[in-house]
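Here the structure is laid out as structure tokens; the discussion comes afterwards.
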Amino acid sequence: MKRNILLSRNISKFIGVFLLFTLTSCSPTPASPAPTEAIQPPSETPLPATEITIPTETIIPTPSPIPMERAQYTLFAILDYAAKKVEVEESILYPNKSGETLNDLLLAVEPNYWPSGFVLHEIFVDEVPANYTLEGQRLIIPLTTPLTPNQSIEINLRYTLNLPFAEQGDPSVIRARIYGYTNRQVNLTNWYPFVVPRQNGEWILPEPWYFGEHLVYDAADYEVNFKTNDPAVVVAASANAESNAEWTRYKLEAGRAFVLSASPEFKVFSTEVGGIRVYSYYYPLFEIPAEEVLNVTAKAIELYSQLYGPYPHKSLSAVQGDFNDGMEYSALYFQSHGFYNTYDGTAQNYLTFVSAHETAHQWFFESVANNQADEPWLDEMLCTYSERIYYENYHPEAINWWWAARMFDYTPNTWVDLLVSENPTERAYWGSSYFHGAYFLEELRARIGDEVFFAFLKDYRTQNAQKIGTGDDFFRILREHTKVDFSDLTIKYFRAPH
């Protein structure tokens, strides 16, 4: 791919200078007045001193640049579907919102976990070739000139992704079951380098664990230009598609993680709710469960928008994964292939409540982010309990079934606020972050009442929208809404005092 972001920008600058020069040099000179029959000489009588004026140059103030609210990512990516390879050019405009002077930048590069999975061809910082170190997921760029607070910097990268086979259950590859390719689809998740959050003087990039999530994301704006060499490939993405010459362009504002999924076998249902376009991508022979996914997602958007505040984007895509796993990203989530197989045509099944769960992540993970390695309960607890809220509004007759089906192997001898890595097994992780958290919210709701409970959840989302929320934020905002004593519940469910 020969589209060079640096070159394009320099050409634009040259054209701008050329036009400025042309407009200046070609401005018409005022014509001399036509001679008249009698031109009177100027009067020799001096003007009073008070009437003498000295012309001065008019100075037009230069407007101050508008500070960037968020980092801006622009990507041009070409997928060779048959070769399972992606050629990428990426530009990052990064504003320093940390409040401190930065001497380096840390980018997460997940594809580098696989041998030859990430081949970096060139990297520039403010148009100058940059030094860097790349080890595992950590790309460190030392800055020759420190980046002061509210100053912005531009990073340009060109690289190749050699996609791994995402074999389910491969113990040697962390989260391989999503990123990469399967027999039926290509999934680009956490596929581009991104600058990780900076908090309390440190870059936040936890090490991955064998289950759960570990990445933490700042909100950022994305423009992704994408194309593939196979015209039969259907693409699901974190935004609505639009044309950009030979590219398909996607724009996402204030997103956490832009994702693409591609397959020549995809079919798609779509609907609209409240001006939001909802998509359900599926494989042939799965029309009935795919319609259930579409309907649950649309109804959950409508419900959660009322309870938690407006949905943050213009679209939401649900994608049938060619694997037995579900996962949320910005304006897109994967649904486990196994749940499509076991769908029985009723609301009392995993496909229904997991679709409600994954939709809720657009509020808790997407709008309000959290440290998924250290405080996984913050989003998983709220999204699991959102399943219960979905059922009480749409299928109240199935609430008791949901508690039994969802918590069938739940054991309460744990803490909600464990790190992901403190759980010995994935089921133990579900028990602490998901199930124990749901029981805590059920007791908390009964203690403080529905009106206060839902006002608190909406305010938690409002105060932390586009931010990274913490457990301290959660309990601080809760106490702003109630004077009811719930200290016994925090002692019962949480290891750390709140």
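No value in this document is a laboratory result; all are computed from the given coordinates. This structure is a prediction, so every number in the text was calculated from the model and none was measured. Neighbour counts run over all protein chains shown; Cβ positions are idealised from the backbone, glycine included.
Computed quantities for the displayed model
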{"read-out": "Summed residue charge, Cβ within 15 Å of Leu143's Cβ, Lys/Arg positive, Asp/Glu negative", "value": "-4"}
{"read-out": "Under-5 Å amide H pairs with Val273, H placed in peptide plane, nonlocal only", "value": "Val278"}
{"read-out": "Contact order normalised by residue count of the range 243-342, Cα under 8 Å, 6+ apart, percent", "value": "25"}
{"read-out": "Exposure proxy ranking, count of Cβ atoms within 10 Å, fewest first, for Met407, Met68, Met327", "value": "Met68, Met407, Met327"}
{"read-out": "Cα convex hull of the range 377-493 - mean projected area over all directions, nm²", "value": "7.7"}
{"read-out": "Rounded to whole Hz, the Karplus (6.51, -1.76, 1.60) HN-Hα couplings of the range 460-467, x for glycine and proline", "value": "4, 5, 5, 5, 10, 4, 6, 10"}
{"read-out": "The range 68-253 - Rg over Rh from alpha carbon coordinates, Kirkwood radius", "value": "0.96"}
{"read-out": "Long-range amide H partners of Asp104 with built H, under 5 Å", "value": "Leu143"}
{"read-out": "Sequence of Glu207, Glu328 once ranked by neighbouring C-beta atoms within 10 Å, starting from the fewest", "value": "Glu207, Glu328"}
{"read-out": "Distance (nanometres) between label positions extended 7 Å along Cα→Cβ at Asn413 and Ser243", "value": "6.5"}
{"read-out": "Theoretical FRET efficiency, 1/(1+(r/R0)^6), r = Cβ-Cβ of Thr482 and Asp80, R0 51 Å, to 0.05", "value": "0.35"}
{"read-out": "Pair Ala428, Arg138: separation of 7 Å Cα→Cβ label points (nm)", "value": "2.6"}
{"read-out": "Gained length - Asp230 relative to Phe165, 0.36 nm times residue gap less alpha-carbon distance", "value": "21.5 nm"}
{"read-out": "Segment Phe269-Ala405, extension gain: residue separation times 0.36 nm, minus the distance between their alpha carbons", "value": "46.1 nm"}
{"read-out": "FRET efficiency, 1/(1 + (r/R0)^6) with R0 51 Å, evaluated for Asn103 and Glu397 via beta carbons", "value": "0.25"}
{"read-out": "Phe266 long-range amide H proximity, modeled H, under 5 Å", "value": "Val234"}
{"read-out": "Inter-label distance, nm, simple model (7 Å from Cα along the C-beta direction), Gln463/Gln151", "value": "3.4"}
